[in-house]
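Engineer: The structure that follows is given in the form of structure tokens.
What follows is calculated from the coordinates using simple rules that are stated; it is not laboratory data. On a predicted model such as this, the values are computed, not experimentally measured, just so you know. Note that each Cβ is placed from the backbone with ideal geometry, even for glycine, and that neighbours are counted across all protein chains shown.
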Amino acid sequence: MDAFYCHHFALPLPEGHGFPMAKYHLLHERVAAHADAWGIRLAEPPPATDDDLLRVHCPAYVARMLSGNAGHDEMRRIGFPWSERMVERSRRSSGGTIMALRSALAGGGIAANLAGGTHHASFGRGGGYCVFNDSVIAARHAQHHGLARRLLVIDLDVHHGNGTAELCAGDDSIYTFSMHGARNYPARKPDSNLDLALPTGTGDAEYLDCLARYLPIAIGDSGADAVIYLAGADPFLGDRLGHLALTKAGLLERDRQVFRACRGLGLPVAVTMAGGYAARVEDIVDIHEQTIRLAARMA
Ligand SMILES: [Zn+2]
């Protein structure tokens, strides 16, 4: 299985910033240590090109992000200070999802981005640590290059995929499915094709039951020939922002359900990491690591 990383492009954050940037190089370290045993080929993706970005985002927004002419409020919504490194990282993170999708489509299996899942970025604005929407960028890239016609985005980050929903609202070639905490950010949750808002405190059994019920509906309705899966680590019970109560074993079972359902139908899957805000960064990395390990086994 191919896995793409971009932790070399970590962006500078002020001390005490809430975003766990360290998770990316820690995850890479763990995967690299087992790469041969797990059958994983690691590679650094090229950055998403301007054309890739402009198939998804408004030209004025892309220009402001690339040039550093974004307003104070705009950057506050994103939650990162602007820097050249932030732009490069956002491009590489999207490049990782593009490459993972290309690899999955070429091999008919699973490939991974050890970053990505920036689902709060919309047409003309970012938000919630998301600058560019890597899922829609990769989907439109694959369509533009004739590699896939219809895509399904399975978004199991604990936060609603508002940016993805908005971007794909008028585009029935990309089907969006989001399972998230009802009381979580973002406050306004525009309609995905299929939305499941879960009550605070939802645990493994209810969550997995819901997924087993609705995942086949999403897959069937989408008519997709490839899947982009956001395997967020933030439905975890130890997450500071999640409000759900899944265990690590429950999250692994979630991943297994998704991979089994897709692989059973021969659907290629690009899996991305999305959010994770547990108090201990090791917990976040454990959850992402088990996703990657299982993906490699089921690829
Ligand atoms: Zn999240």
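Engineer: Sort 88, 282, 166, 253 so that the residue with the fewest other Cβ atoms within 10 Å of its own Cβ comes first and the one with the most comes last.
Structural biologist: So the residues, fewest neighbours to most, are 282, 88, 253, 166.
Engineer: Amide H to amide H under 5 Å from residue 110: which residues, 5+ apart in sequence or cross-chain, H placed 1.01 Å off N in plane?
Structural biologist: Residues meeting the amide H criterion: 269.
Engineer: HN-Hα J couplings of region 161-175 from phi, Karplus 6.51/-1.76/1.60, θ = phi - 60°, integer Hz, Gly and Pro as x?
Structural biologist: Couplings: x, 5, x, 5, 4, 5, 5, 9, 4, x, 10, 7, 8, 10, 9 Hz.
Engineer: Follow-up. Rounded to whole Å, give me the distance from the Cα center of region 7-58 to that of region 241-299.
Structural biologist: Cα centroid to Cα centroid, the span is 16 Å.
Engineer: Hey, fewest Cβ within 10 Å first, where do 134, 221, 51 land in order?
Structural biologist: Neighbour counts put them in this order, fewest first: 51, 221, 134.
Engineer: Oh, and also: Among 277, 296, 182, whose Cα sits farthest toward the positive end of the charge dipole of the chain (+1 at Cβ of Lys/Arg, -1 at Cβ of Asp/Glu, about the Cα centre)?
Structural biologist: Final value for the positive-end residue is 296.
Engineer: With point charges of +1 on the Cβ of Lys and Arg and -1 on the Cβ of Asp and Glu, referenced to the Cα centre of the chain, which listed residue (247, 156, 66) lies farthest in the positive direction of the dipole?
Structural biologist: Looking along the dipole axis, the top candidate is 66.
Engineer: Let me ask another. So if I place +1 on the C-beta of Lys and Arg and -1 on the C-beta of Asp and Glu, and nothing else carries charge, what would the dipole magnitude of region 18-70 be about its Cα centre? I want it in debye, nearest 20.
Structural biologist: So the magnitude is around 180 debye.
Engineer: Another one. For the chain, list log₁₀ I(q)/I(0) at each q in 0.14 Å⁻¹, using the Debye formula over Cα point scatterers of equal strength and ignoring solvent, two decimals each.
Structural biologist: Result of the Debye calculation: -0.96.
Engineer: Right, here's the next one. Report, by chain and number, residues whose modeled amide H sits under 5 Å from the one on residue 278, excluding near sequence neighbours (fewer than 5 apart, same chain).
Structural biologist: 240, 284
Engineer: Only Lys, Arg, Asp and Glu count, each charged at its Cβ (+1, +1, -1, -1), so figure out the dipole size of region 185-290 about its Cα centre, rounded to 20 debye.
Structural biologist: Dipole magnitude for region 185-290 comes out near 80 debye.
Engineer: Quick check of the Kirkwood formula: for region 51-177, what is the inverse mean of 1/r over all pairs of different Cα atoms, in Å?
Structural biologist: The Cα-based Kirkwood calculation yields 14.6 Å.
Engineer: Taking the Cα centre of the chain as origin, sum charge times position over the Cβ atoms of Lys and Arg (+1) and Asp and Glu (-1), and report the length of that vector in debye to the nearest 20.
Structural biologist: 140 debye
Engineer: Okay, next question. To make sure I understand, if each residue's beta carbon is the centre and we count other beta carbons within 10 Å, what order do 36, 239, 52, 155 fall in, fewest to most?
Structural biologist: By the 10 Å Cβ count, ascending, the order reads 36, 52, 239, 155.
Engineer: Give me D for region 244-299 in µm² s⁻¹, whole number, from Stokes-Einstein with Rh from the Kirkwood sum over alpha-carbon pairs, 25 °C and 0.890 mPa s.
Structural biologist: Answer, rounded: 205 µm²/s.
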